[in-house]
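**Student:** Just passing along the structure, written as structure tokens.
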Amino acid sequence: MSIDYSEKIPNNVDLASNKTLQRALEHWQPAYLDWWNEMGPDKTTSAEVYLRTAISVDPKGWAHFDHVKMPDYRWGIFLAPQEPDRKIHFGEHMGQNAWQEVPGEYRSTLRRIIVTQGDTEPASVEQQRHLGMTCPSLYDMRNLFQVNVEEGRHLWAMVYLLHAHFGRDGREEGEALLERRSGDADNPRILTAFNEKTPDWLSFFMFTFITDRDGKFQLAALAESGFDPLARTCKFMLTEEAHHLFVGESGISRMIQRTCEVMVQHKTDDPAKLRAMGVVDLPTLQKYLNFHYSVTSDLYGAEISSNAASFYTNGLKGRYEETKLGDDHRLDSAEYPVMEVTDDKIITRHVPALTALNERLRDDWVKDVQGGIDRWNKVPEKLGIPFRFTLPHKGFHRKIGIFGELHLSPEGRVISEAEWTHKHRDWLPTEEDRAFVQSLMGRVAEPGKFANWIAPPARGINNQPVDFEYVRFN
Ligand SMILES: [Fe+2]
Ligand SMILES: [Fe+2]
């Protein structure tokens, strides 16, 4: 089904037939645009960006590419097609028809789940709003803005659900989503990782590689939901999310490539020399990885969680790829291994799987992150450089859950406060590291030109050449 672009809000949900809903969204739209103009990409109003816009949910071609001014972007509402007779396929309602309306008893929980997901979308746009000023190329600038407009569309997706299914409270939540601000002392975004700064492109690439990947796993779990409109919305969001992960993974990979080339050319692995030549040494990249990995890991919550158990039992949030799993989909007696610390030793304990669903989703994410790290490691390997990136221990630098009160080394040794104070500068980016990375950031905005610290991509976007004019300034 394609959409009618003359409509104010492009959609495949037959908005025109529901006048109340259409009016509510048309009322929210100007407030959204005010938010975009205030908190969206800085100083870009007149730039024309080569963006993809979702125009349908057809797997063979759902996007249209063209130069657009971002405030004119058509943030549409798209749900994956409805499966006829879809059933709830896990938890205590297994086998019943999927809900098309919110069940009264789960109303406030579902609203909270949708608001929490929705809040991350504008948060990341706010975190990234100054990065256009220091882009390493037009290609990268375009990718940043693509991610930004799609996070904006994801906000639309969640606000649509709130307006369509949660009445007045839903409309109030829709307004509050435009009022919170990332990092604000009085009215911050809901989740901690979304209140951190994304001050430079290295942080941006790590964020899209790791934190957008948390988004992928949260959306995948919600795409299993018994509440059908939520499941269908998340399914389509996942289609867009893949590009965000690509931007992060390929961004870091190109940085590794560039650094390794300089290492080979000048036969050195001395960080000071490499920094003097204007590239980021590999140990510093590892520190940024440690930071983003640990902060994002906290987003999954505590290892043992009764909330996670009830979300599952009630059919609101499934496991990653629930339908592909070959068990009873109720977890009545299943167990799951979870780490525990006794006398400074980390041991594994089996707990009821139902209570360990946060940990399970975190483990699925860890595997996926590891896949990306393995692909990164092929870059130094090919160039004969022995350095390899590794993920720190799950308990390293955590604030939430079993490890929240402890200090662990990246290898997973429980260490004292004193040792942490002494060593953490070797493991996490220091002020000097951050200042160095910041010092490399300068705007490169000529087609086909790239900053010195990053290699060009292997190919362009949508079959366009690498030196295509991805952003036009007027
Ligand atoms: Fe998103
Ligand atoms: Fe994303």
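**Student:** Being within 18 Å of the chain's Cα centre (by Cα) and of a type outside the set (A, V, I, L, M), is that true of even one residue in segment 324-344?
**Tutor:** Looking for residues that are within 18 Å of the chain's Cα centre (by Cα) and of a type outside the set (A, V, I, L, M), one finds none in segment 324-344, hence no.
**Student:** For segment 192-222, enumerate the residues that are aliphatic (A, V, I, L, M), more than 13 Å from ligand 1 (Cβ to nearest atom) and closer than 26 Å to residue 311 by Cβ.
**Tutor:** 193, 210, 221, listed by residue number.
**Student:** Taking into account only those residues within segment 232-269 that are open to solvent by less than 10 Å² (accessible area, probe 1.4 Å) and more than 16 Å from ligand 1 (Cβ to nearest atom), which is farthest from the chain's Cα centre (by Cα)?
**Tutor:** 262
**Student:** Tell me, please, whether a residue that is small (Gly, Ala, Ser) and part of a helix (DSSP H, G or I) can be found in segment 313-323.
**Tutor:** So far as segment 313-323 goes, no, none of its residues is small (Gly, Ala, Ser) and part of a helix (DSSP H, G or I).
**Student:** Let me ask another. When the residues of segment 107-132 are narrowed to those that are charged (D, E, K, R) and away from ligand 2 (no atom under 16 Å from the Cβ), which ends up most open to solvent (accessible area, probe 1.4 Å)?
**Tutor:** Checking each candidate, the answer is 112.
**Student:** Looking at 396, 387, which one is of a type outside the set (Asp, Glu) and open to solvent by less than 50 Å² (accessible area, probe 1.4 Å)?
**Tutor:** 396
**Student:** Still on this structure, I have one more. Hey, could you check segment 318-331 for residues that are open to solvent by less than 40 Å² (accessible area, probe 1.4 Å) and in contact (Cβ under 8 Å) with a residue 60 or more places away in the chain and say which is nearest to residue 222 (Cα to Cα)?
**Tutor:** Checking each candidate, the answer is 318.
The values are calculated or read from the model by the stated rules, or taken from the named source; none is laboratory data. Computed from a predicted model, the values in this text were never measured in an experiment. FYI the Cβ positions are ideal-geometry reconstructions off the backbone, even for glycines, and counts take in every protein chain you see. Quick note on the areas: whole protein, heavy atoms, side chains included, nothing else; ligands and nucleic acids left out. Shrake-Rupley method; radii C 1.70, N 1.55, O 1.52, S 1.80 Å.
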